[in-house]
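Have a look at the structure below before the remarks.
The values are calculated or read from the model by the stated rules, or taken from the named source; none is laboratory data. Note that the structure is a prediction, hence the values are computed from the model and not measured. Note that each Cβ is placed from the backbone with ideal geometry, even for glycine, and that neighbours are counted across all protein chains shown. All accessible areas refer to the heavy atoms of the entire protein, side chains included, with ligands and DNA or RNA removed. Shrake-Rupley method; radii C 1.70, N 1.55, O 1.52, S 1.80 Å.
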Amino acid sequence: MDELDTLADYVSRLTYETLPEPVIQRAKQLLRDTVGVILGGMQEPEVTALARYAAREAPGPAALIGFRAEVTAPWAALVHGTAGTTLEMDEGHAFARGHAAIHAVPTALAVAQANGASGRQLIASLVAGYEVAARAGVATHLRGPVHPFGAWGVLGAAAVAAWFAGHHANDVRGILELAASYAIAPSFETAYQGATVRNTYAGLVNRLGLLAADFYQLGFRGERGGLETTFGTILGQSFDPAALRAGLGESYEIMRGYFKPYSGCRYTHAAIEAVLALREEDPVKTTSVDAIEVATYDIAARLREPAPKTALAGRFSLPFVVAATLTEGSAGPEIFSPEMLADPGVLSLASRTTVVEDPNYTAMTPSRRPARVKLIFSDGRYREKAVYGSKGDPDQPMTAAELEAKFTRLATPLLGPEKAAKAWSALGRLEDFGS
């Protein structure tokens with residue numbers, strides 16, 4: 001029995017009753033957080049247009065969250081996967097170097113609704129999909145130009161679909177091998193440029209994971225060893241199958257993920273916290289700041305564009321994020337509005353912000369994601385702050401109150417305060433729901 005056989009066997013045997021209580025609680029946190037970021041993303045114009053298109057073209061049994069329409073499960077998974085990445089606030093996994101939840105939750109929600117499944121079944125399927133996606137991410141060393149959304153995440157969506165179909169281990173393996181051929185070629189450059197095709201990557205492979213399970217039922221088969229080919233040769237530089245079963249059933253990757261309090265690429269978060277800490281220590285008059293220096297780890301140091309043209313590009317710009325956070329004292333979706341992206345003061349400050357790699361910080365990754373921000377004032381004074389992680393990391397988790405506040409902030413514009421509160425409460429009692 002090889003590593004993929006072991007993982008497939010685990011998925012086929014997983015039930016709600018086999019899950020430790022902390023994993024169940026974490027899965028419910030994950031669901032609450034992901035539903036919140038989906039609701040936030042559903043308010044963006046292109047996502048609203050996508051939801052309307054799906055409602056018109058593919059009516060079905062799965063509700064579009066925050067949008068009064070029901071569509072087929074594949075379309076719900078696509079729309080929600082797209083919405084959930086749009087604000088860059090979805091849960092992530094540092095050791096997988098990507099985002100596992102958004103490649104499992106949309107599919108789990110869609111298939112559970114389409115099948116009239118219970119809340120406990122939804123939780124179990126979510127854990128199955130997350131574990132497969134995250135372990136595949138840990139196993140994969142993606143090539144530099146490849147964005148993690150849309151790559152190994154297709155396996156998480158396929159695992160959810162295989163779990164709901166009740167397949168035995170050999171068939172689960174077959175579905176995962178078939179799904180490996182449906183990973184897309186997601187370019188990281190799209191994020192730097194702010195090309196919003198990037199926001200569709202996760203949604204697309206949520207749908208493709210479902211199709212892989214359907215096509216397997218129809219008799220189509222994937223490449224034997226397809227995971228190694230796709231993620232170790234084509235999209236990745238290497239693939240370590242041992243990660244697929246390391247500690248399987250004893251340690252859970254879902255417990256190693258992080259939640260995001262800020263609306264920006266995770267690579268910007270340590271710098272955001274450094275800026276907020278500097279502001280809290282002593283108010284900063286931005287007009288007196290002559291220059292800003294940011295030192296961080298290798299991947300984060302690539303985010304150097306000082307004048308992003310779109311909200312997505314802004315979320316991948318350390319100069320802009322630092323300048324906007326210093327100006328506004330916050331780093332939520334509001335700092336990426338068209339007005340902020342065009343703000344002369346923010347852009348001037350961003351143009352005077354330099355970003356460099358600190359090799360010592362690079363050596364600390366992926367377990368730590370540091371940054372140091374230095375404010376240099378026009379009178380020659382300077383102040384600096386180093387941060388070695390950020391809020392939401394496993395070692396400094398967001399509190400229950402902070403997670404609820406994030407959900408409320410994102411959900412209220414669509415649902416209103418009363419329904420948002422009811423949604424938060426209901427998602428926390430999911431195991432009690434028969435359907």
Review point. Applying the selection to segment 87-112, what residues are in contact with a Pro (Cβ under 6 Å, 6 or more places away or on another chain) and farther than 23 Å from residue 332 by Cα?
Key: 95
**Study point:** All positions within segment 334-355 that are closer than 30 Å to residue 84 by Cβ and open to solvent by 80 Å² or more (accessible area, probe 1.4 Å)
**Key:** 334, 338, 339
Practice item. Scan segment 300-313 and give yes if some residue there is out of contact with any helix residue (DSSP H, G or I) (no Cβ under 6 Å at 6 or more places or on another chain), buried (at least 22 other Cβ atoms within 10 Å of the Cβ) and not in a helix (DSSP H, G or I), otherwise no. Key: no
Exercise for review: Just give me the residues in segment 175-230 being part of a helix (DSSP H, G or I), free of Cβ contacts under 8 Å to residues at least 60 places away in the same chain and of a type in the set (A, V, I, L, M), in sequence order.
Suggested key: 175, 178, 179, 180, 197, 208, 212, 213, 218
Practice item. Name, by its number, the condition in (1) farther than 28 Å from residue 72 by Cβ; (2) open to solvent by less than 50 Å² (accessible area, probe 1.4 Å) that does not hold for residue 157. Key: (1)
Check your understanding: residue 417 versus (1) touching a Phe, Trp or Tyr at 6+ places or on another chain (Cβ under 8 Å); (2) surrounded by fewer than 18 Cβ atoms within 10 Å (Cβ to Cβ): which is the lone unmet condition?
Key -> (1)
Revision key, fill the gap. So, first residue closer than 29 Å to residue 89 by Cβ in segment 379-393, second residue in a strand (DSSP E or B) and hydroxyl-bearing (Ser, Thr, Tyr), Cβ within less than 6 Å, six or more apart or across chains; the pairs are 392/258; 393/258
Check your understanding: Has segment 364-385 got any residue that is of a type in the set (Asp, Glu) and open to solvent by less than 60 Å² (accessible area, probe 1.4 Å)?
Key -> no
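Here's the yes/no breakdown for (1) within 23 Å of residue 258 (Cα to Cα); (2) among the aromatic types (Phe, Trp, Tyr); (3) more than 11 Å from the chain's Cα centre (by Cα); (4) modelled with pLDDT of 95 or more:
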residue	(1), (2), (3), (4)
53	no, yes, yes, yes
64	no, no, yes, yes
85	yes, no, no, yes
102	yes, no, no, yes
Check your understanding: Do we find a residue being surrounded by 23 or more Cβ atoms within 10 Å (Cβ to Cβ), out of contact with any Pro (no Cβ under 6 Å at 6 or more places or on another chain) and of a type in the set (Val, Ile, Thr) anywhere in segment 172-192?
Key -> yes
Check your understanding: Taking segment 118-154 only, how many residues are open to solvent by less than 10 Å² (accessible area, probe 1.4 Å) and either in a helix (DSSP H, G or I) or over 28 Å from residue 303 (Cα atoms) (or both)?
Key -> 19
Point to revise | All positions within segment 51-70 that are in a helix (DSSP H, G or I) and buried (at least 22 other Cβ atoms within 10 Å of the Cβ) | key: 51, 54
Check your understanding: In the set 331, 270, which member is crowded, with 23+ Cβ neighbours inside 10 Å and in a helix (DSSP H, G or I)?
Key -> 270
